[in-house]
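The values are calculated or read from the model by the stated rules, or taken from the named source; none is laboratory data. For clarity, every value in this text was computed on a predicted model and none was experimentally measured. Every residue, glycine as well, gets a Cβ built from its backbone with ideal geometry; the counts of neighbours run over all protein chains shown. Side chains are part of the model used for accessible areas, which takes the heavy atoms of the whole protein and leaves out ligands, DNA and RNA. Shrake-Rupley method; radii C 1.70, N 1.55, O 1.52, S 1.80 Å.
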Amino acid sequence: MTAPRNNRGTLVVVVGPSGAGKDSVMGFAACHFAQRPDVLFVRRVITRPSDAGGEVHESVSAVEFDEMKRNGAFAVSWHAHGLSYGIPKDIAGKVASGMTAIVNGSRAALPAIRAAFGDIAVAVITADAPILARRLAERGRESEEDVLRRLARQTPDVITGPDVTVIDNSGRLEIAGNRFVALVERYCSEIPHPA
């Protein structure tokens with residue numbers, strides 16, 4: 001257990017390959033923490049239609065995103081898979097005031113997120129390759145050829161460090177979900193919070 005950090009909260013960044021079930025694990029935790037005002041699930045700004053499935057996000061055009069970025073609307077932003085993603089600037093203030101904020105991130109963006117937020121916690125959600133392939137195919141967003149290309153691109157990034165927890169989501173959602181809840185609880189317990 002790390003020492004309390006002057007009542008500062010924690011940003012928990014969820015990363016992992018497409019198809020690992022990051023949204024499902026986060027959704028499980030969101031239900032668990034629904035009555036906890038000190039736990040916030042971040043709504044990202046994404047240049048993707050709001051009805052595209054997956055996480056609930058603020059949908060903007062590429063032009064709107066660029067304008068928001070120029071105006072300093074994001075604590076951090078990045079580009080991946082042809083889309084732009086932004087974490088709203090006000091999240092940094094909420095974490096500084098003691099909240100535990102959970103955000104769907106990107107492995108490639110971790111250095112920028114660490115630079116923007118300082119100490120963070122990283123949850124790497126993984127699953128076995130055949131399960132990733134099946135889940136990607138079931139989403140129906142990509143052709144079989146695109147799925148195979150995506151999986152070939154996803155070389156296993158080794159993310160290690162004292163702030164990194166790997167959670168295997170190859171089995172039942174409750175198993176990975178409860179492990180993630182326990183991780184979030186550990187960071188929440190570092191600061192006082194309402195009952």
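If I ask for residues that are more than 10 Å from LEU11 (Cα to Cα) and open to solvent by less than 20 Å² (accessible area, probe 1.4 Å), which ones from the stretch 86-97 would you list? Working first, answer last.
Quick first cut of the stretch 86-97, residues more than 10 Å from LEU11 (Cα to Cα) only: 86-90, 93, 97.
The answer is GLY86, ILE87.
Okay, residues lined up against (1) modelled with pLDDT of 90 or more; (2) assigned to a helix (DSSP H, G or I); (3) farther than 22 Å from GLU55 by Cα:
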| residue | (1), (2), (3) |
| --- | --- |
| VAL103 | yes, no, no |
| ILE113 | yes, yes, no |
| VAL122 | yes, no, no |
| PRO130 | no, yes, yes |
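Let's see how each residue does on (1) closer than 25 Å to ASN169 by Cβ; (2) β-branched (Val, Ile, Thr):
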{"site": "VAL13", "(1), (2)": "yes, yes"}
{"site": "GLY19", "(1), (2)": "yes, no"}
{"site": "LYS22", "(1), (2)": "yes, no"}
{"site": "MET26", "(1), (2)": "yes, no"}
{"site": "THR47", "(1), (2)": "no, yes"}
{"site": "HIS81", "(1), (2)": "yes, no"}
{"site": "GLY86", "(1), (2)": "no, no"}
{"site": "GLY93", "(1), (2)": "no, no"}
{"site": "ALA101", "(1), (2)": "yes, no"}
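Take the conditions of a type in the set (A, V, I, L, M), more than 27 Å from ASP38 (Cα to Cα) and not in a loop (DSSP other than H, G, I, E, B) and apply them to VAL76. Does it pass?
So VAL76 does not fit the description; no.
May I ask you to list the residues in the stretch 20-58 that are outside any strand (DSSP E or B) and touching a helix residue (DSSP H, G or I) at 6+ places or on another chain (Cβ under 6 Å)? I'd like the intermediate steps shown before the answer.
Step one: of the stretch 20-58, the residues outside any strand (DSSP E or B) are 20-38, 42-44, 47-57.
SER24, VAL25, PHE28, ALA29, HIS32, VAL42, THR47, GLY54, GLU55, listed by residue number.
Can you go through ASP51, ASP38 and tell me which one is within 29 Å of ASN178 (Cα to Cα), open to solvent by 60 Å² or more (accessible area, probe 1.4 Å) and among the acidic types (Asp, Glu)? Write out each step before concluding.
Values: ASP38 fails: open to solvent by 60 Å² or more (accessible area, probe 1.4 Å).
After applying the criteria, what remains is ASP51.
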Any hit, the stretch 61-80, residues being over 17 Å from ALA112 (Cβ atoms), under 15 Å from the mean Cα position of the chain (by Cα), open to solvent by 30 Å² or more (accessible area, probe 1.4 Å) and among the acidic types (Asp, Glu): no
